[in-house]
Structures are given as C-alpha cells and as structure tokens.
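Just below is one structure, and these are the notes that go with it.
The values are calculated or read from the model by the stated rules, or taken from the named source; none is laboratory data. It should be emphasised that the depicted structure is a prediction, and the values quoted were computed from it without experimental measurement. So basically every Cβ, Gly included, is an ideal-geometry build from the backbone, and we count neighbours across all protein chains shown.
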Amino acid sequence: MLENLTRLVNDNPAIVRWGRHMNETFMVEVGDLQYLLKIENGLIQKIEKGPFVMRTWRFAIRASRECWEKFWQKTPAPGWHDLFALLRRGDVKFEGDQRVLMAYLLYVKLVLAAPRNA
C-alpha cells in the first residue's frame, strides 16, 4: 500500500501544508516489512523498503499487516479509523522521539490515511 504514498501525499496540497515544516525521517512497519519515509518541507522525498540494520529515524509506527489493512479500508470500521484508536487497543506501537511525532501528529495521521483514497 505504501508504493503510491509519495504521489498521494505530494499531490495533495492540504496534506503538504500540514507538514510544511517537517524535515524528518520516520519508519512505518507493516508486519515484517519496514519502510523509511524521508520528509522535507511536507513532501515525501523518498520511501525506502527495508529490512534495515542500524538506520536512523526519529520515530517508528509499528503494526501488523492485518491491522494496517483494516486501517486503510476506504471507510474503516470504528476502532480502526485512527492511530490512537489502534494504540488504545494495543494494535500499534510508537517508538523513538515521540515529541517529533506529536509535533507533526496531524500530518502523520493524514499521510498514513492517504492510501484510503487510492
């Protein structure tokens, strides 16, 4: 699902605007697959597919493939619609510098929800 993420985010000026000051790299783990997203001024510059050993990232969001598939449905069911709903259920884990995650939380939520529009 993350293969089209660059286009989905970079072509959406509303999403880019929310991340316009973000210049970070973060990891999204989908089951056994790892993806590093490099963000510059709200634009996804690069998505690298892992596995990674000793790569730097500011924060990581990890969940099972099944969890992400339910989250990325066009209209997710209640409890599968938001990162914090998943966190409360114990289906997702946040790691790393959570201050950066919280500073750009709406942007990150919009980026991760973008595959719903594909």
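Yes or no: Phe59 surrounded by fewer than 14 Cβ atoms within 10 Å (Cβ to Cβ), of a type in the set (A, V, I, L, M, F, W, C) and within 15 Å of the chain's Cα centre (by Cα)?
Spelling it out, it is not the case that Phe59 is surrounded by fewer than 14 Cβ atoms within 10 Å (Cβ to Cβ), of a type in the set (A, V, I, L, M, F, W, C) and within 15 Å of the chain's Cα centre (by Cα).
When both residues are 6+ apart or on different chains and their Cβ atoms are under 6 Å apart, which pairs have a first residue that lies in segment 6-24 and is within 23 Å of Thr56 (Cβ to Cβ), and a second that is among the polar types (S, T, N, Q)?
Arg20/Asn41
Among (1) farther than 28 Å from Met54 by Cβ; (2) of a type in the set (A, V, I, L, M); (3) surrounded by 14 or more Cβ atoms within 10 Å (Cβ to Cβ); (4) at pLDDT below 95, where does Ala118 come up short?
All conditions pass for Ala118, except number (3).
Tell me whether segment 28-38 contains one or more residues that are closer than 19 Å to Glu66 by Cβ and polar (S, T, N, Q).
Yes, there is a match, as at least one residue in segment 28-38 is closer than 19 Å to Glu66 by Cβ and polar (S, T, N, Q).
Just the residues that are in contact with a helix residue (DSSP H, G or I) (Cβ under 7 Å, 6 or more places away or on another chain), farther than 13 Å from Ala113 by Cβ and either surrounded by 15 or more Cβ atoms within 10 Å (Cβ to Cβ) or of a type in the set (Asp, Glu) (or both), please, taken from segment 62-91.
Of everything in segment 62-91, those that are in contact with a helix residue (DSSP H, G or I) (Cβ under 7 Å, 6 or more places away or on another chain), farther than 13 Å from Ala113 by Cβ and either surrounded by 15 or more Cβ atoms within 10 Å (Cβ to Cβ) or of a type in the set (Asp, Glu) (or both) turn out to be Ala63, Cys67, Asp91.
Out of segment 72-99, which residues are part of a helix (DSSP H, G or I), at pLDDT below 95 and either within 24 Å of Gly19 (Cα to Cα) or touching a Leu at 6+ places or on another chain (Cβ under 9 Å) (or both)? Outline the logic, then answer.
Of the residues in segment 72-99, the ones part of a helix (DSSP H, G or I) are 83-89, 98-99.
Pick out the ones that are also at pLDDT below 95 and you get 83-89, 98.
Within segment 72-99, Leu83, Phe84, Ala85, Leu86, Leu87, Gln98 qualify.
Taking only pairs six or more apart or across chains, which ones have beta-carbon atoms under 8 Å, a first residue in segment 91-105 that is free of Cβ contacts under 8 Å to residues at least 40 places away in the same chain, and a second residue that is surrounded by 15 or more Cβ atoms within 10 Å (Cβ to Cβ) and assigned to a helix (DSSP H, G or I)?
Within 8 Å, the pairs are Asp91/Cys67; Val92/Cys67; Val92/Leu83; Val92/Leu86; Phe94/Leu101.
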